[in-house]
Each structure stands twice: as C-alpha cells, then as structure tokens.
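Asks: Encoded as structure tokens, here's the structure I'll be asking about.
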Amino acid sequence: LYRSLPAFLPSDATPEEQATYQRLEASNFLYQPNSYWCSALESAEPCTASDFQAYFLLYYPAEPLRMVRNALSAHCALAVCSTPVEAFCRLTVSTQDVHILLEIEEAHVALAVAHQGKLMRFVCHPIHRREEREYFALRELLNTPACRDHVVQVSGSHATKNMLELLRRETGLSLRLPTLPAPHFVTNSTRQLLTEPDMYHALSAAMFSL
C-alpha cells in the first residue's frame, strides 16, 4: 500500500539531503516510519519559487523489496529498488502523450497520471472488501478528467478480464493492459509485441535502472 505526500524540495538538494527530508516527513505521519522506503517523484504542479521543485513523496513498505534483495544478494547486487509507479512514470519521459495507470491489487487501488516523466495525479485507496475494490476503481476513473481523453492502462493481480469488462461497461472508457510506450517497442523471437503485464513491469524496471 502506497502512502503519498506532496512536497516542495530545493532544486539543488543532494540525494542525501532529499533522503533526510523524506525521513523527517515519514516520522510526522507514518506509524513505524523505518518500515517504509520512499521514492521522490517529480510533480507537474508548478512552483512559484524558482529554486524549489514540486514532488510526490511516495512511501511504500520496505519488507517485500528487502526480502527480494536479500534473496538475490548471492547472485547479484540490486542497485535500484522501487515500485511499478516510479517505473511507469519514468517511461513517459520520452513521449508527448499523457499516460494513465490504474493499479488494482488485493490490498489497494491506485491511479497515477504522468506526462513527460512527471506525476500529474496520484491517489491510493486501501481495500478491505471486494466491493471497495470495484467502487474505488470506478470512482477514480470517473473523477479523473484525463481518463476521458486518454487510454487507461490497468495492471495488478485483480486486473482480470471480468474486472476490465465491468469497468468498461460502467464507464465507457478505453481500457487496456499495460504496454510499453513508443519508442520503447520490444519484440520477441516471433516478432510479436510483448504486452503481458509481468513483462511490462520487468522491462519498465530494467529501463528505469539504466
């Protein structure tokens, strides 16, 4: 489950200074802040002070990624650990279009809107019952104006065929499973475009780490 916080950081802040600010903010609004990691994602929100940049501070549980890193430590060193949202956001740097990602998981529903590497909108709702999952997915699709003008990519363990059919029927929006935006077209040996969500996330993470 993501916890997000809008923030303005000095444009010339070093990575160490950014990390210090992130820890301070985490201690103010998170229970057990040391159990979270943070990604500072640039926001599209304009800032009147030229020496500051708007960010979304995206906090997420550290333990799952820590377990993966420890399991792989005998084989390789992971230089970057982050989330699908950050990988999605970075993939939009080289495109002119607005990109939208609706993430439907067991424990949360999240929606991210990004343009040229910057987040325009991010919301995340905790889920306790199946009905909440459908409700929040529909609410965010209907309440986000960009969804009416752009294709929405839907990912996550609960982005099933039945779920997509329900969302299409109730909203009339264009929905699809995630694909790599142009010019990041990747083909396999049969020359078919790779569109499987797991492959999308794997390639997103690989490109993000370059």
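Asks: Round to a whole number: what % of the accessible area of the range 40-147 belongs to carbon and sulfur, probe 1.4 Å?
Replies: Working: 2920 of 5340 Å².
Carbon and sulfur atoms account for 55 percent of the accessible area of the range 40-147.
Asks: Rounding to the nearest 20 debye, state how big the charge dipole of the range 90-188 is about its Cα centre with +1 on each Lys and Arg Cβ and -1 on each Asp and Glu Cβ.
Replies: 120 debye
Asks: Moving on. Quick one: Debye curve from the C-alpha atoms of the range 7-119, no solvent, what's log10 I(q)/I(0) at q = 0.23 Å⁻¹?
Replies: Each listed q corresponds, in turn, to -1.41.
The values are calculated or read from the model by the stated rules, or taken from the named source; none is laboratory data. The structure displayed is predicted, hence computed values, not measured ones. Glycine gets a Cβ as well: all are built from the backbone with ideal geometry, and neighbour counts include every protein chain shown. All accessible areas refer to the heavy atoms of the entire protein, side chains included, with ligands and DNA or RNA removed. Shrake-Rupley method; radii C 1.70, N 1.55, O 1.52, S 1.80 Å.
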